[in-house]
1. For residue A:96 and residue A:46 in the same chain, what is the full-extension length gain: residue separation times 0.36 nm, less their Cα-Cα distance, in nm?
2. Please label the shape of region A:266-383 as rounded, prolate or oblate, based on the square roots a ≥ b ≥ c of the eigenvalues of the alpha-carbon gyration tensor (a/c under 1.5 means rounded; beyond that, a/b larger than b/c means prolate, else oblate).
3. Given R₀ = 45 Å, FRET efficiency for residue B:204-residue A:253 by Cβ-Cβ distance, to 0.05?
4. Over chain B, with a Gaussian network built from C-alpha contacts below 10 Å, which listed residue (B:111, B:151, B:88) shows the highest mean-square fluctuation?
5. What is the log10 of I(q)/I(0) for region A:79-118, computed with the Debye formula using one identical point scatterer on each Cα and no solvent, at q = 0.25, 0.26, 0.33 Å⁻¹?
6. For chain A, state the average projected area of the convex hull of the C-alpha atoms over all orientations, rounded to one decimal in nm².
7. What nm value, rounded to one decimal, do you get for the distance between residue A:335 and residue B:134 when each label is placed 7 Å out toward the C-beta?
8. Using only helices, what value at 222 nm comes out for chain B when you add -39,500 (n - 2.57) per DSSP H run of length 4 or more and divide by the total residues, to the nearest 500 deg cm²/dmol?
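Since every read-out is calculated from the coordinates, none of them should be taken as a lab result. In this text the structure is predicted, and so the values were computed from the model without any measurement. Using ideal geometry, Cβ is built from the backbone for each residue, glycine included, and neighbour counts are taken over all protein chains shown.
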């Protein structure tokens, strides 16, 4: 184990060095923009990717986030060129590459399985893409040396991949891609096989290299935290299409679908009807359990059945306030910085889950009567017929 | 006091007794294998060895070996080695193409193709060899076809010469090479090849730099296997060589059956055995060298 810890710290110290060693001499960002229109793919009648559209700016870190079967990996494989789309197009800096071979796209790929060539040494693996590009021998030796040095892998240069730990192998895979400075790097759950501690550390490395080099990165993961730490923008995938493509903050604070609201973090859903007789303003929602929530502005019809979503941390306990929802505290669990409370609202239909509330204030006791409300900005409203 | 001192001693005796008992049982278990090996392998080999070193009137001699390694006998030995090498190369070549195709098929078709490759092996070698004779003879199917198409040089002499023997033995060895190669090829991770393509490698480069090195151990094993099997192969060379093309196995047969010359036959047998060991040694050495270079690289 001591060897591993040592290499861990070596990696931590060198993330910036690695970026510096790899940085092009000119200061312009190396990344390119990527635009995707109407990408579709089905396998034997099952639609796996159903119309993906997105614009990714040069130097942006974009993550496809979704559970397995959401089509995120298939989308990435189409970007990479390993899978041919049924329809739609992909363009890099305005040039169409939809039908181009993977090798001709000049992308970099990092996969969960590392895919290092087992019969080559670490140095040979890293040199491979450079050899393909006809870089002369002395230059290859210099760049491979620099890259491995910066990644803290110099002493493993002559080893075979199988003699390395998982984290070291993934770092080699990263070196092998970054050594030829591809403008766009695609990563498919590259940290999926690593333990939590190593994953956190590699995230920091990847992020700092990406930022330093101005690389465009398209990343696939099912790990929310990873997506939030790394990404400039996240595309949440469900059933083959993008539910919402937004910054982490946008996704959290202004979810556009119930699925997004519930998928990132958690949400309480309250059913109700939009209040009538207020003209175009339908921000006031009268809940089925009694009480009124004021929601953010949204397109709706007065009288429409809706579901209001509020995050556990955004529900407030008040003594008594106009329109607040009364209920009884069921449980209160102290989890360190805050207390998790569940509240059963008066008049809640049997079978509906209790409200989940997180509060940092002095928590009530189980059995205590409380009244719950939320700020207008923290309430999202969806059509009741929307799934999620 | 005496009791406490005695108690652990007793326990110790018991456990050591138990251990002794267990190892005795293990020995008993090993008896059948040991006897089997002694009777069926060690005894005959020692018998053959002593036969090959025994003079006509008893006593130690090396002249059977001198005979075997001189004159006509030596040239037969050399041509056996040559035929075996040619067979190994040819069956590797054909086997590689076949195995590569099979490894890329869908499992159902791959199983079917393997069956087609292996099933002929269940048919008696004699029948198969006569099949080849019908195919390759001067008025055989192949030559009739070639003549009717006015192919230059037709009819070819494909039988009763070294060409005929190599064709025959290759067909016998092919299932082995295909089986070995196909196993190795199935083990190659297709994603590695895709990854190489992703870096911009051409198909030829992928084949040369990734695929071939990954299946290389299989090529070595398959080649050596068919070489060794071919060294002692008898029926096909005897029939398809037409008596003109003698191999060591045929020579042994001749000595035993026609000349009642067991000592000379034994010497040939030992020589074949040594050649087989030499082949295995070469393979082992190659493996060792690969390991050593890897170790040297990692230490530098």
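1. Here the segment from residue A:96 to residue A:46 would lengthen by 15.3 nm.
2. Taking the square roots of the gyration eigenvalues as a ≥ b ≥ c, region A:266-383 is prolate.
3. Efficiency at R0 = 45 Å is approximately 0.25.
4. B:151
5. Each listed q maps to, in turn, -0.89, -0.94, -1.22.
6. 23.9
7. 8.0
8. Mean residue ellipticity at 222 nm (helix-derived): -25500 deg cm²/dmol.
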